[in-house]
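A.B. asks: The structure that follows is given in the form of structure tokens.
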Amino acid sequence: MVRVKLWGSLRTFADGEEWVEVEASNFKELLDALAEKHPGLAPQIKRGVSLALDGVIYREAWFTKIEPENEVILMPYMVGG
Amino acid sequence: MKTIPVATTINGDETEFLCHADESLLDVLRDRLGLTGAKEGCGTGDCGACSVMMNGRLVCSCLVLGVETEGAEIETIEGMAKGDTLHPLQRVFLEEAALQCGICTPGILVAAKALLEKNPDPTDTEVRYWLAGNLCRCTGYDKIIKAVQTAAAEMRGA
Amino acid sequence: MRYVKPESFEAAATLLRDETGISRILAGGTDVLVQLKAEMVEPDLMVDLKHLPGMREIVAEDGGFRIGAAVSGAQLGEHDAVKAMWPGVVEGVELIGSSQVQSRATMAGNLCTGSPAGDAVPAMVTAEAVARVQGPDGVRDVPVIDIPTGPGKNSLNKGEFITSIYLPARPAHAGDCYLRFIPRTEMDIAVSSAAVSLTLDEEGTVTDARIAIGAVAPTVRLVKDAGAALVGAKPDDAAIAAMVRAVEAACSPITDKRGTIEFRTKTAGVLAKRAALIAYGRAGGQL
Amino acid sequence: MAFDAQPTRKFNVVGTRVTRPDGVDKVTGKAAYGADISAPGMLHGRILRSPHAHARIVSIDTSEAEKLAGVKAVVTGADLAMPEDADFADVAINCLARDKALYDGHAVAAVAATSKAIAKQAIRLIKVEYDPLPHVTDVDAAMKPDAPVVQEGRALENVPAGMSQNVTTYCKFGHGDLDAGFAKADKIIERSFKTAATHQGYIEPQACMASLGNDGRGEVWCCTQGQYMVRANCAAALGVEESQLRITASEIGGGFGGKTSTFIEPVALALSRKSGKPVKIVMTRDEVLKATGPTISSSMDIKIGMTKDGRITAARGELRYSGGAYPNFTVEMGAQAAFAAYDLEAVETIGWNAMTNRPKEIPYRAPGAPTAIYAVESVVDELCQELGLDPLDVRLMNAADKGTLSSYGPTFNDIGLVATLEAAKAHPHYTAPLSENQGRGLSCGFWFNFGGNTCVSLNINDDGTVGVVEGNPDIGGSRASISMMAAEELGVPYDKVRTVIADTSSLGFNDITDGSRVTFAVGLATIEAARAAIKEMCRRVAKIWDIDEDAVIWEDGCAKPAGPNAGTHPPMTLAEIAAIAGNTGGPIAGHHEVNADGAGVSFGVHLCDTEVDPETGAVKILRYTVFQDAGKAVHPDYVEGQMQGGAVQGIGWALNEEYIYGEDGRLQNAAFLDYRIPVASDLPPIETVILEIPNPGHPYGVRGVGETPIVPPLAAIANAVSRAANVRLTELPMSPPRVLKAITG
């Protein structure tokens, strides 16, 4: 199991929880598990999310490995100038 | 509208062209003569990217009619280097990284050359005010001012 | 559009009078070409007068100077004698636009274009400059202050144009100054402006004062009350305060993208104060 | 992708100040930008734009224009496809309006003619019947439930019910107990701020030349921050396949984010398809300001509590951004960035986006961050003033550092903020004397930085030189830094490497030049491509020497035997290996494709001295110093250039730049005359201090530097003005009328 932190406005779609636990070993599995457990998160996941893994931001990479001891934070997908 | 024949001198070469009465010198240079070094950033004299020399004076070529250049001497960025030898301003701009995107660079070089011909030893403030009509959005002007001063010092010594 | 370079002033006047479409005179071109680009105007006839005799000359005349209508700001700025006599007029002309625009812009064009914010105009007004106007029926001299009649408008009749501007001789112990306020340090249209021309007596008392303000009314305004407030004394705090009150009272600006009524009024007073003190110093006065 | 260990290597090329490869062309006028090329038989395109802020388009009659001699094609929105994807559809509708004109300047129709003059005339012959609708241009007004609705049905699922349909985005970030935090504060300040929309202000207007045949094959030459992005937008808008479009990026005359979208290329392609000729479109400055993307306008509330010794106990921010007539997510980035510089026990940031009748927002350098951080840093500064505390000490006391739970969620690892603040504190600028009417301000800045999709191909030429092919337009010297990294890795001199920017048919996909990503991500891919080429060269040499591949190492630009067991072989140089490549197995190349992560966030600190004229409200910048962590400065000149240029854009934003709308909803200052970007005489020298705290996510420690520098100036100047004139301005720009009004009351 990995614990993933949702940002404030996503929590409405996860029963108000800040941290959600799902079974996942990489980014893709995490997103799939989240969308399955909390279907309200699916539209945002489809639009795009980034993943911060121990402080390093990954924008897209599905197969980024996630270990149970990692700090896993969901972030919106971001663009720059 | 019929075109009008105009005979002028550009970068020392006698040049004849046809243009409409309402065409700017900038349009003539770029569209009719293939001299695209002068850029159109605004077309209203606010950015200086189209700077050229006309009869020894610095002008925005967007604010000059092509027909006005009959008998005139025009100098553009294309005439600044002599053969394969860059003008000191051009060389120092490269050495000191005084350009980023480079779109304002031709206009700034032409304007800076005009300044140094008039005032070979300007203060930083004089350089800044002289170049106030040449907008640059990339550099914050710092390296441009420094490069003009380096080139000026070199030219005074030469 | 037809582009014509007439052979004489008379021919130009006739040509302009007889034109049935829209005509424009090309001096520096720094306004008219911008209007063309912005599609604000599409002239049928463009008359270039720069080549005609005297248009690009500055000549001494009766103790003053006659400045051809096509003399550029840069050319005027290089003329030490005019600069020494009317520094305020020259600094006004030199503030028009960038180095590039200075190579082309003219004081006559700045006057005829009719902008209340024209930088050349207030100091010409305080210098009591006179425009020589060529028309189909001959030549007349018109005080500069009577040329602009409102934003974008002037008093010239069809077929008329300015051929030169005369800056009169300046009395001893006199000095002038022009200041404007712009948001940046360059490249802006004046949000407010003031020109002051002072004449002093031997002791430094102001004997004559003319104050003009720009960008705070439909035309540049000569503020007689403001001038009167300075006459008869040195420009001490009380005199300056009275002058500033008169300037502020004469302002009737608009609020637009460049400034508010309050801001324009307040800064016009501040600029008049600062210009008066500079002009006083230039006239040899010491506070 | 595994990250390299913290690099401690000694560099030979990286860190030097070499001459850029495109330099001579740029100082002689030869460099070809968007508007600089022509084609035989080319037509001139021109676009008709809405004079209304908001209007239903009842009908468009193009018949008179079509009849004009010299007119070869007229197109309207009906000539573009309607992509299913909402983002592509927004781009297409922004290129040519459909049922509604959404802002003053929205494109409605376009013509292609044999001359510019005829195109201009033809535009006037197009008759558009408009039904004007109520409009809204202010973000607070747009959020009111009864506001005119810009577009219907665009709100995301998380926007609470009952709000105006203009509200499209809602977000919330943060952690901790706010009430408890504020209860611990000795002083709480709550302020509201507004900022005007600003434009990237690149000097080169958008320009393109496009050709599309009835066989569906097309070519586009254009100035853009991303040729692959243009390809995708054009393919969607024209309904053609991406493989059939070849997009070539010209030299680019500035972008700053503004050229990360598409405005004219699909229109030119549609005109070309209809006319059968190449079509060139060059925007005017008026069009650039009216119809390309400015940044957001904002309205913000910030509340911060502090103990009397300077510890922040709680912080809350609410951001209301408007990104113009289309939904966008810039506020999410602003809300995440707002408090990033601080180590906070309790923090909450809420963000809203509301649509207005303004042009579609396009990212501008660190999109979303400058305004949010301006508001936060203003309130922090005011607390310092109220409590009599040194503003730099307070920032140091509260600075985010390794281990800090960031305001946007993750725990920071290595970041350079404390070192940057300490550098500012130690700098002579911080203690230099000031005179009357002068004040010093400071602000922290932050940006995320990105990596992204990147392809690089690196070719070893038979004469021992190296060609690098990359896919990101060079906006400020990146070809130099890419060549430097290739030279460094290969051990060859810089001048043996030439880097070129590929068209879309010559290299795989690359993300746009954005997010300060190019030196980081393209650099990383270049280093990896070089390593691949090195591996192949070592393999070839192993064959020649008849030893094991692993027994050959690469050092100083040569293959060498690795240790005594490899035998004694004289080193072989890259040139020697290249010369016989045909004999050893064929041409040698390396390539690397990656979606790079690990860009590493970036912090900066700016110090600014101003003088305020108490009688006119004019603000003069007297001295300005930028401190920033660059990880590793590959080409220090261009790192400094980014820091200086960003700072000056921020100065413009702070003092004079603004989109001014009239009561009629029309833009009043669509020219450089009244859209006032800083000119040379407005500015002092911009001093720079580069810190190098290596980014573990890059082989050389590189961090993106391009965006962070625009963030701090807004508050640095506001704070300096506050200390110079004893007034606290809460609205940008701090133009002279506003400053004077604040002073005189």
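A.B. asks: Counting only residues that are without any contact (Cβ under 8 Å) to a residue 60 or more places away in the chain and closer than 23 Å to D:GLU731 by Cα, give me the helices (runs of 4 or more DSSP H) lying completely in the stretch D:289-408 with at least 2 of them.
C.D. replies: Helices (runs of 4 or more DSSP H) meeting the threshold: D:330-337.
A.B. asks: Let me ask another. Taking the residues in the stretch D:447-494 that are among the β-branched types (Val, Ile, Thr) and closer than 23 Å to D:GLY23 by Cβ as candidates, determine which candidate is surrounded by the most Cβ atoms within 10 Å (Cβ to Cβ).
C.D. replies: D:VAL456
A.B. asks: Filter the stretch C:233-247 for residues that are surrounded by 15 or more Cβ atoms within 10 Å (Cβ to Cβ) and either more than 13 Å from chain D (Cβ to nearest Cβ) or touching a residue at least 40 places away in the same chain (Cβ under 8 Å) (or both) and give the result.
C.D. replies: Across the stretch C:233-247, the qualifying residues are C:LYS234, C:PRO235, C:ALA239, C:ALA242, C:MET243, C:ALA246, C:VAL247.
A.B. asks: So, in the stretch D:238-279, of the ones that are in contact with a helix residue (DSSP H, G or I) (Cβ under 7 Å, 6 or more places away or on another chain) and assigned to a strand (DSSP E or B), which residue ends up nearest to the other protein chains (Cβ to nearest Cβ)?
C.D. replies: Residue satisfying both the conditions and the ranking: D:ALA249.
Matching residues to (1) of a type in the set (Val, Ile, Thr); (2) over 22 Å from D:HIS44 (Cα atoms); (3) assigned to a loop (DSSP other than H, G, I, E, B):
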{"residue": "B:GLY34", "(1), (2), (3)": "no, no, yes"}
{"residue": "B:LYS39", "(1), (2), (3)": "no, no, yes"}
{"residue": "B:GLY43", "(1), (2), (3)": "no, no, yes"}
{"residue": "B:ASP46", "(1), (2), (3)": "no, yes, yes"}
{"residue": "B:LEU58", "(1), (2), (3)": "no, yes, no"}
{"residue": "B:CYS62", "(1), (2), (3)": "no, no, no"}
{"residue": "B:GLU68", "(1), (2), (3)": "no, yes, no"}
{"residue": "B:GLU78", "(1), (2), (3)": "no, yes, no"}
{"residue": "B:PHE93", "(1), (2), (3)": "no, yes, no"}
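A.B. asks: So B:VAL127 passes all but one of these: (1) within 7 Å of another protein chain (Cβ to nearest Cβ); (2) surrounded by 23 or more Cβ atoms within 10 Å (Cβ to Cβ); (3) not small (Gly, Ala, Ser). Which condition number does it fail?
C.D. replies: Of (1) within 7 Å of another protein chain (Cβ to nearest Cβ); (2) surrounded by 23 or more Cβ atoms within 10 Å (Cβ to Cβ); (3) not small (Gly, Ala, Ser), only one is false for B:VAL127: (1).
A.B. asks: Assuming A:PHE63 fulfils every condition listed in (1) more than 21 Å from D:ASP87 (Cβ to Cβ); (2) without any contact (Cβ under 8 Å) to a residue 24 or more places away in the chain; (3) surrounded by fewer than 17 Cβ atoms within 10 Å (Cβ to Cβ) apart from one, which condition is it?
C.D. replies: (2)
A.B. asks: If you take the residues in the stretch C:154-181 that are farther than 24 Å from C:PRO53 by Cβ and touching a Pro at 6+ places or on another chain (Cβ under 9 Å), which one is surrounded by the fewest Cβ atoms within 10 Å (Cβ to Cβ)?
C.D. replies: The selected residue is C:SER155.
A.B. asks: Hey, another quick one. Taking the criterion of being at pLDDT 95 or above, within 11 Å of another protein chain (Cβ to nearest Cβ), assigned to a helix (DSSP H, G or I) and touching a helix residue (DSSP H, G or I) at 6+ places or on another chain (Cβ under 7 Å), would at least one residue in the stretch D:657-677 satisfy it?
C.D. replies: no
A.B. asks: Residues that are more than 11 Å from every other protein chain (Cβ to nearest Cβ) and under 24 Å from the mean Cα position of the chain (by Cα): find the strands (runs of 3 or more DSSP E) completely inside the stretch C:1-75 holding 2 or more of those.
C.D. replies: Correct list: C:23-26, C:58-61, C:64-68.
A.B. asks: Out of the stretch D:552-600, which residues are charged (D, E, K, R) and loosely packed, with under 13 Cβ neighbours inside 10 Å?
C.D. replies: Residues satisfying the conditions are D:GLU555, D:ASP556.
A.B. asks: Okay, moving on. Given the options D:PRO367, D:PRO410, D:PRO359, name the one that is within 22 Å of the chain's Cα centre (by Cα) and within 13 Å of another protein chain (Cβ to nearest Cβ).
C.D. replies: D:PRO367
A.B. asks: So D:ALA161 clears everything in (1) within 14 Å of another protein chain (Cβ to nearest Cβ); (2) in contact (Cβ under 8 Å) with a residue 24 or more places away in the chain except one condition, right? Which one?
C.D. replies: (2)
A.B. asks: Could you check how many residues of the stretch D:730-745 are over 12 Å from D:VAL619 (Cα atoms), of a type outside the set (Asp, Glu), at pLDDT 95 or above and not in a helix (DSSP H, G or I)?
C.D. replies: Summing the residues that are over 12 Å from D:VAL619 (Cα atoms), of a type outside the set (Asp, Glu), at pLDDT 95 or above and not in a helix (DSSP H, G or I) in the stretch D:730-745 gives 2.
A.B. asks: Go through D:TYR408, D:TYR364 for me and flag whichever is closer than 30 Å to D:VAL159 by Cβ, touching a His at 6+ places or on another chain (Cβ under 8 Å) and crowded, with 22+ Cβ neighbours inside 10 Å.
C.D. replies: D:TYR364
A.B. asks: Got a sec? Which of A:GLY81, A:GLY40, A:GLY16 is within 7 Å of chain D (Cβ to nearest Cβ) and not basic (Lys, Arg)?
C.D. replies: The match here is A:GLY81.
A.B. asks: From the list D:LEU396, D:LEU383, exactly one residue is more than 14 Å from every other protein chain (Cβ to nearest Cβ) and more than 20 Å from D:MET300 (Cβ to Cβ). Which is it?
C.D. replies: Matching residue, one of D:LEU396, D:LEU383: D:LEU396.
A.B. asks: Only residues that are assigned to a strand (DSSP E or B) and either in contact with a helix residue (DSSP H, G or I) (Cβ under 7 Å, 6 or more places away or on another chain) or surrounded by 21 or more Cβ atoms within 10 Å (Cβ to Cβ) (or both): list them for the stretch D:129-141, please.
C.D. replies: Selection gives nothing.
A.B. asks: Only one of D:VAL721, D:VAL727 is more than 23 Å from D:GLY631 (Cβ to Cβ) and in a helix (DSSP H, G or I); which?
C.D. replies: Just a single option satisfies the conditions, and that option is D:VAL721.
A.B. asks: Answer yes if at least one residue in the stretch C:158-176 is at pLDDT 95 or above and assigned to a helix (DSSP H, G or I), and no otherwise.
C.D. replies: no
A.B. asks: Among the residues of the stretch C:76-119, write down those that are buried (at least 24 other Cβ atoms within 10 Å of the Cβ), within 23 Å of C:MET40 (Cα to Cα), small (Gly, Ala, Ser) and away from every other protein chain (no Cβ under 14 Å).
C.D. replies: Those that are buried (at least 24 other Cβ atoms within 10 Å of the Cβ), within 23 Å of C:MET40 (Cα to Cα), small (Gly, Ala, Ser) and away from every other protein chain (no Cβ under 14 Å): C:ALA108, C:GLY118.
A.B. asks: A further question on this structure: Can you say whether D:ARG231 is charged (D, E, K, R), within 17 Å of D:PRO83 (Cα to Cα), touching a residue at least 60 places away in the same chain (Cβ under 8 Å) and in the same structural domain as D:LEU96 (by TED's automatic domain parsing), as far as the supplied structure shows?
C.D. replies: When the stated conditions are applied, D:ARG231 passes them.
A.B. asks: Find the residue count for the stretch C:76-99, including only residues that are in contact (Cβ under 8 Å) with a residue 60 or more places away in the chain and outside any loop (DSSP other than H, G, I, E, B).
C.D. replies: Of the residues in that region, 7 qualify.
A.B. asks: Next question, about the same structure. Of all residues in the stretch D:169-200, which are within 14 Å of chain A (Cβ to nearest Cβ) and either surrounded by fewer than 23 Cβ atoms within 10 Å (Cβ to Cβ) or part of a helix (DSSP H, G or I) (or both)?
C.D. replies: Those that are within 14 Å of chain A (Cβ to nearest Cβ) and either surrounded by fewer than 23 Cβ atoms within 10 Å (Cβ to Cβ) or part of a helix (DSSP H, G or I) (or both): D:TYR170, D:LYS172, D:HIS175, D:GLY176, D:ASP177, D:LEU178.
A.B. asks: Here's another thing I want to ask about it. Would you mind telling me which numbered condition in (1) on the phi > 0 side of the Ramachandran plot; (2) touching a Gly at 6+ places or on another chain (Cβ under 7 Å) C:THR30 fails?
C.D. replies: Checking C:THR30 against (1) on the phi > 0 side of the Ramachandran plot; (2) touching a Gly at 6+ places or on another chain (Cβ under 7 Å), the one that fails is (1).
A.B. asks: I would also like to ask the following. Count, please, the residues in the stretch B:95-106 that happen to be more than 7 Å from chain D (Cβ to nearest Cβ) and outside any loop (DSSP other than H, G, I, E, B).
C.D. replies: The number of residues fulfilling the criteria is 0.
A.B. asks: If you don't mind, another one. Have a look at B:GLY12, B:GLY43 and point out the one that is buried (at least 22 other Cβ atoms within 10 Å of the Cβ), of a type outside the set (Val, Ile, Thr) and at pLDDT 95 or above.
C.D. replies: Residue meeting the stated conditions: B:GLY43.
A.B. asks: Do we have any residue at all in the stretch B:130-147 that's at pLDDT 95 or above, basic (Lys, Arg) and closer than 18 Å to D:GLY29 by Cβ?
C.D. replies: No, every residue in the stretch B:130-147 fails to be at pLDDT 95 or above, basic (Lys, Arg) and closer than 18 Å to D:GLY29 by Cβ.
The values are calculated or read from the model by the stated rules, or taken from the named source; none is laboratory data. Predicted model, so just to flag it, every value in this text is computed and none were measured. Note that each Cβ is placed from the backbone with ideal geometry, even for glycine, and that neighbours are counted across all protein chains shown.
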